Amino acid sequence: MLRIGLTGGIATGKSTVATILEEDFGVPVVDADHIARAIVAPNQPALLEIIEAFGEEMRLESGHLNRALLGQCVMQDKDKRKALEAITHPRIFEGIRNALEFHQESGSSVAVVEAALMVETGSYRAYDKLIVVSSSTELQLQRLCYRDGHTAENATAWINAQLPLTEKEAVADLVIRNEGNREQLREAVQQGWNRLVVNRGSQ
């Protein structure tokens, strides 16, 4: 089974690309964020470790993780971010491996793993190919401010906390630029997918 990593910067549209691949092209997609949410569900060991490391204020009254507060905490402190990653990343990687094994045993010839920090963690090397979704910094800021309600200062901080897109693009087998509407993005995905997967045997 061909295993393809899918990543990009914040608000570049990687989740939209994943949706296009899954819903329009029928490609199995493993969403690392979904796995990350599952491992920190109420009473899960990872959540309990986060509470122990970062404080009881990281747990909402409902018992769920206070993702917004935790995100602000680790964005501003590299050591805290590393501590969080030490708790969550091994569990996320295990979940991804299990999902890929399921798709392979189900007979899939290709599967995609979507993850935000694939290049930062080096986990992209575990895949046969890497797709990076990219856009201009101006569009990232616009999407974060107008779509997600961030202030310009907060949006800039989130972008600066991530690896520059140029460094992600440098290790990609395919870069998809998302700077138009959804139909234009779908066409770019179609063309890129054909080059990367459909026609790879003839290259």
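Brief remarks follow.
- Candidate membrane-span-like segments in the chain, meaning DSSP H helices with Cα atoms spread over at least 18 Å of their own axis and a Kyte-Doolittle mean of -1.0 or above, are 78-105, with no membrane implied.
- Counting protein heavy atoms only, segment 1-154 has 49 percent of its accessible area on carbon and sulfur, 1.4 angstrom probe.
- Solvent exposure of segment 118-174, expressed per residue, is 54 Å² of accessible area, with all protein chains present and a 1.4 angstrom probe.
- The chain: antiparallel DSSP beta bridges as a percent of all, rounded to 5: 5
- Computed from the Cα positions only, the extents of segment 1-84 along the three principal axes stand at 43, 26, 23 Å, in decreasing order.
- Segment 101-192: relative contact order in percent, alpha carbon pairs under 8 Å with at least 6 residues between: 32
- Taking a straight line from the alpha carbon of LYS80, these lysines sit under 25 Å away, with near neighbours fewer than eight places off in the same chain left out: LYS168.
- Of all the options ARG147, ARG186, ARG177, the one that moves most in a Gaussian network model of the chain with Cα springs shorter than 10 angstrom is ARG147.
- Size of electric dipole in segment 29-174: Cβ of Lys, Arg +1 and of Asp, Glu -1, about Cα centre, debye, nearest 20: 80
- Estimated translational D of segment 51-121 in µm²/s (Stokes, Kirkwood radius over Cα pairs; 25 °C; 0.890 mPa s): 171
- DSSP-loop GluC sites (Glu not before Pro) across segment 1-68, with at most 15 other Cβ within 10 angstrom: GLU61
- Averaged over its residues, segment 1-80 has an accessible area of 49 Å² per residue, based on protein heavy atoms and a 1.4 Å probe.
- Label separation (ALA38 vs GLU85): 2.3 nm, computed from points 7 Å beyond Cα along the C-beta direction.
- Look at the dipole of segment 128-168 built from charges on Cβ: of LEU130, TYR146, GLN162, the Cα furthest out on the positive end belongs to LEU130.
- Accessible-area value, HIS64, 1.4 Å probe, nucleic acids and ligands omitted, Å²: 90
- Between segment 51-70 and segment 116-169, the alpha-carbon center distance in angstrom: 25
- Along principal axes, Cα extents of the chain, largest first, whole Å: 56, 41, 27
The values are calculated or read from the model by the stated rules, or taken from the named source; none is laboratory data. Note that the coordinates shown come from a computational prediction; the quantities given were computed from them, not determined experimentally. Every residue, glycine among them, receives a Cβ derived from its backbone with ideal geometry; neighbour counts consider all protein chains shown. Surface accessibility is based on the protein's heavy atoms, side chains included, excluding ligands, DNA and RNA. Shrake-Rupley method; radii C 1.70, N 1.55, O 1.52, S 1.80 Å.
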